[in-house]
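Each value in this text was obtained by applying a stated rule to the coordinates, not by laboratory testing. The structure presented is a predicted model; accordingly, all values stated were derived computationally and were not measured. Reconstructed Cβ throughout: ideal geometry from the backbone, glycine too, with neighbour counts over all protein chains shown.
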Amino acid sequence: MLPATPSLGIADSLLVSAGRMLGLPEDLVEILRHPKRELTVSIPVKMDSGTYRVFTGYRVHHNIARGPAKGGLRFHPQVTPEEIRELAALMTWKCAVVNIPYGGAKGGVVCDPSVMSKGEIERLTRRFVSELSIILGPDRDIPAPDVNTSEQVMAWILDTYSMTVGHSMLGVVTGKPIAVGGSLGRREATSRGVFSALHEAMAEVFPGKPAGEIRVAIQGFGNVGSNLARILHEEGFRLIALSDVHGGIRSDSGIDVPAALDYSASGGSIAGMPGCEEIDNQQLLAGPCDILVPAALGGQITERNARHVQAKLVVEAANAPITVEADEILRSRGVVVIPDILANAGGVVVSYFEWVQGLASYFWTEQMVNSRLEEIMRGAYCSVRNIADTQRCDLRTAAYLLAVGRVAEATRVRGIFP
Ligand code: GLU
């Protein structure tokens, strides 16, 4: 069972302060703090050895006032119920910031997919979906990729759910392969959205500075980090440090990004790439750069290392990479932070496009997907920036004011049942 108290993470404290600034009734804020429902399941899986192992999985629906619950599923040994609850709340605020008609959800299984075979991961996924099927559905809860869950995992989710209901149901999951109703542009969507937000912030943080003089460090070389490195490289930025779970590389004159993508694709890691200095993840976060992009796991910038961050702009491509204490330190040092619920919303925006396309059985061109994504990201950045200016607050507080205001209004106008 999950503990019955609301999360005490960054999303919770920001909700409470946004509620105060918006003048919301305290009991309404109390309602918004609590997840709507949480499901914990045991997942027995036949391992390749022939014996069964039981894994634990979670799915949390934080809020569904604005639409069906939406959010990724992660497979990671450090998944905890508290973390999933926190991430579900982030999804509520993220969908509200970019004004797409969803509530927030998140799920996870405690497992280490790096030591599991493809067959074991497939059996784990299918049994997990079967256990969750009582709360899933295209108008109830729509999972998507997250840490260590690929397009292939989404295809198994689609298939398992469809087998249960007896017909193909494209709208039950997003981030699917193109062959089974995935959207063009979904794979790069989070990185494109991160780039839009970063680009909007440039004029303010680095007025008049050309891209070629801006040094960028990215922590994480998964789907988000690697696609972002490629986009920034194509746009002429100087990538000076990259890292993944095995270690990092640094080159002050600029990393050859296409070579790094090839090196990582062939050897499974960018660590040890010839011609670059070797660094670890702490050195990446604290090293000299103008823009720092944490694109890996949560809780990376803490009160221990926040004082050492040299970047002027931090863009949260990961979910919750900065702790509450570290956020305060960065703010007091004048570092501009583009918060996760705005910066990395591109993924769920194109998930929304994918869901709409699947429900309508009418598929868009990649150009349509990308231009609509950019329009939404720019509009959201602009709305958040305007709130930050009028309220004289940082971008994270402004994003929460926008998001919490929207969810509170939906809740108020619907009324509390009965
Ligand atoms: N896992 C992604 C996120 O944290 C995408 C969620 C989705 O597309 O539903 O935003």
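Output the Cα-based Rg and Dmax of the chain in Å, rounding Rg to one decimal and Dmax to a whole number.
Reported Rg and Dmax, both Å: 20.6, 66.
Which of the GluC sites (Glu not before Pro) found in the stretch 150-251 are loop residues per DSSP with 16 or fewer other Cβ atoms within 10 Å of their Cβ?
The qualifying sites are 235.
Mind scanning 94/312; 118/176; 176/209; 106/176; 94/209 and naming the pairs with a C-alpha gap bigger than 27 Å?
Exceeds cut-off: 176/209; 94/209.
Which whole number in µm²/s is D for the stretch 1-140 by Stokes-Einstein, with the Kirkwood Rh taken over Cα pairs at 4 °C and 1.567 mPa s?
81 µm²/s
Along each principal axis of its Cα atoms, how long is the stretch 264-375 end to end? Whole angstroms, biggest number first, please.
50, 39, 20
Please give the calculated 222 nm ellipticity per residue for the chain, where each DSSP H segment of at least 4 residues contributes -39500 (n - 2.57) and the sum is spread over every residue; nearest 500 deg cm²/dmol?
-14500 deg cm²/dmol
Bin width 10 Å, origin at 0, all Cα-Cα pairs of the stretch 166-254: what percent of pairs per bin?
15, 38, 26, 14, 5, 1
So what's the gap between the Cα centers of the stretch 69-112 and the stretch 12-46, to the nearest angstrom?
12 Å
Compute the semi-axes of the equivalent ellipsoid of the stretch 239-301, taking the square root of 5 times each eigenvalue of the Cα gyration tensor, and list them largest first in whole Å.
Taking √(5λ) for each eigenvalue gives 18, 14, 10 Å, largest first.
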